[in-house]
1. It is to be established whether one or more residues within the stretch 135-152 are farther than 23 Å from P43 by Cβ, at pLDDT 85 or above and out of contact with any helix residue (DSSP H, G or I) (no Cβ under 6 Å at 6 or more places or on another chain).
2. Considering the stretch 175-203 alone, what residues qualify as being more than 15 Å from A159 (Cα to Cα), among the small types (G, A, S) and modelled with pLDDT of 80 or more?
3. Taking the condition of being part of a helix (DSSP H, G or I), modelled with pLDDT under 75 and either surrounded by 13 or more Cβ atoms within 10 Å (Cβ to Cβ) or of a type in the set (D, E) (or both), how many residues in the stretch 5-17 meet it?
4. I'd like to check something: does the stretch 93-102 contain any residue that is at pLDDT 95 or above, basic (K, R), open to solvent by 50 Å² or more (accessible area, probe 1.4 Å) and under 12 Å from A74 (Cα atoms)?
5. State whether one or more residues within the stretch 154-163 are modelled with pLDDT of 80 or more and out of contact with any helix residue (DSSP H, G or I) (no Cβ under 6 Å at 6 or more places or on another chain).
6. So, in the stretch 47-65, how many residues would count as being modelled with pLDDT of 90 or more and open to solvent by less than 30 Å² (accessible area, probe 1.4 Å)?
7. Since Q122 meets every condition but one in (1) modelled with pLDDT of 95 or more; (2) within 15 Å of the chain's Cα centre (by Cα); (3) open to solvent by 60 Å² or more (accessible area, probe 1.4 Å), which condition does it not meet?
8. What helices (runs of 4 or more DSSP H), lying completely within the stretch 39-119, carry at least 2 residues that are touching a residue at least 12 places away in the same chain (Cβ under 8 Å) and under 14 Å from the mean Cα position of the chain (by Cα)?
Amino acid sequence: MHNAKELRCRRSLDNFDQIITMLAGMADRFATALDCADIGFLPDGILDELPLPAQAGTSRTAGIDLNKPRIRAALAAALALAPAPGGFTAAQHAARVRQLTGQDGYTTRQAAYDLRKLRGKQLIDKPSRARRYHVPADSARVIAALLALRDHVIAPILAGVRSPRMGRKPKTWTAVDRDYENLRIGMQTLFRHVGIDTLTAAA
């Protein structure tokens with residue numbers, strides 16, 4: 001425990017059993033977050049529903065565009081903060097986004113706006129009148145799957161399919177590398193069949 005104040009309880013020896021219980025809860029949520037990141041899940045139709053407006057409480061919110069780096073950083077930050085004891089605040093979320101992106105321009109106000117959009121899609125919870133957000137285990141699985149799909153499936157496949165042949169084979173050739181290469185070859189064939197040109201147009 002790097003900062004016992006985050007537990008939001010008395011820290012004397014008399015409260016040791018309470019502290020241990022809260023730390024055990026943190027460890028359990030952290031293990032759950034790791035499990036969710038390892039095994040993601042995408043409900044049917046979610047990719048069509050994400051860009052549509054939604055409702056967060058009494059407020060109408062905009063949809064979620066996974067093509068925007070800012071919203072992907074907001075999702076990654078929420079997933080990273082899922083094990084936090086008692087949830088996390090908009091300020092903590094903003095700080096984690098800045099840490100992940102290395103950019104200082106992301107404000108707490110922007111974080112609150114993005115978190116409202118995540119609430120509208122039921123990806124995070126915020127009890128009424130509370131200032132702290134929570135990421136349920138099922139939502140963590142969805143967030144992990146969305147990030148993996150965008151960053152580790154769609155992006156590398158579209159980048160690789162433009163190459164007619166693979167470059168020099170790396171020294172370490174993993175099962176995932178073989179999967180990417182098989183998909184690259186298969187996608188080139190599929191693109192030809194459906195009439196998509198993968199070559200860069202001449203200037």
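The values are calculated or read from the model by the stated rules, or taken from the named source; none is laboratory data. Values in this document were obtained by computation on a predicted structure and should not be read as measured data. For neighbour counting, all protein chains shown are included, and Cβ atoms are generated from backbone atoms with ideal geometry for every residue, glycine included. When the accessible area is computed, the model is the full protein with side chains, heavy atoms only, and any ligands, DNA or RNA have been set aside. Shrake-Rupley method; radii C 1.70, N 1.55, O 1.52, S 1.80 Å.
1. Going through the stretch 135-152, the residues farther than 23 Å from P43 by Cβ turn out to be none.
Looking for residues that are farther than 23 Å from P43 by Cβ, at pLDDT 85 or above and out of contact with any helix residue (DSSP H, G or I) (no Cβ under 6 Å at 6 or more places or on another chain), one finds none in the stretch 135-152, hence no.
2. A175, G195
3. So the first thing to find is which residues in the stretch 5-17 are part of a helix (DSSP H, G or I), and the list is 5-7, 13-17.
Adding the requirement that they be modelled with pLDDT under 75 leaves 5-7, 13-16.
Checking the rest, the ones that are also either surrounded by 13 or more Cβ atoms within 10 Å (Cβ to Cβ) or of a type in the set (D, E) (or both) come to 6-7, 14-15.
Number satisfying all stated conditions: 4.
4. yes
5. yes
6. Selection size over the stretch 47-65: 5.
7. Condition not satisfied by Q122: (1).
8. 69-80, 90-101
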